[in-house]
Every structure is written in C-alpha cells, then in structure tokens.
Amino acid sequence: MTDGRRYKGAIDPDNRQPHGLGVITLDEGTYYAGEFVHGKMHGRGFLLTCEMWQSVDPVWIGGSYEQVMATAVFD
C-alpha cells in the first residue's frame, strides 16, 4: 500500500488499489481481513490478532456457527 502497510488480495486493474477481498497489516500482529473498495476497508471484515503460544498443544474452542457468529461484531 502507499502508506507502507502490507496487503494481499484483489487489486483493481484500473487504479492498482485494493478492491474486493483481501488482508492488510494494521500493526505488528494485527490484521484486517475483509472487503476493500477503492483502497479503503469497506463492508464486512474481521480483525485478526497473532499471539505467541508458550506450548504447541492443540487449541480448540468448540461451538456452532450460530454461537461463533453471536460473538462477532460488525460495523
């Protein structure tokens, strides 16, 4: 991106800006995954954080689709 942030996803071929689905680095360990329109975050998306784990044991939190979506926050 022009501001130095890393982006991976769909690019508008006319203006070479993010347009469609993609992922952008917001800061160290925080990412936005979702929709972009004309180079800006738009519509529905998720903030993802990267955490360092002290163990390599599998981590799984069960739940139905409805339970997981009930915890989601949308703009």
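For the range 7-62, which residues satisfy the criterion of being small (Gly, Ala, Ser), in a loop (DSSP other than H, G, I, E, B) and surrounded by 11 or more Cβ atoms within 10 Å (Cβ to Cβ)? Within the range 7-62, Gly29, Gly39 meet the criteria.
Within the range 63-75, being outside any loop (DSSP other than H, G, I, E, B) and either surrounded by 10 or more Cβ atoms within 10 Å (Cβ to Cβ) or within 11 Å of the chain's Cα centre (by Cα) (or both) holds for Gln67, Val68, Met69.
Quick note: the coordinates plus some simple rules give every number you see, no bench work behind them. Quantities reported herein were computed from a predicted structural model and do not represent experimental measurements. Neighbour counts are summed over all protein chains in view; Cβ atoms, including those assigned to glycine, are modelled from backbone coordinates with ideal geometry.
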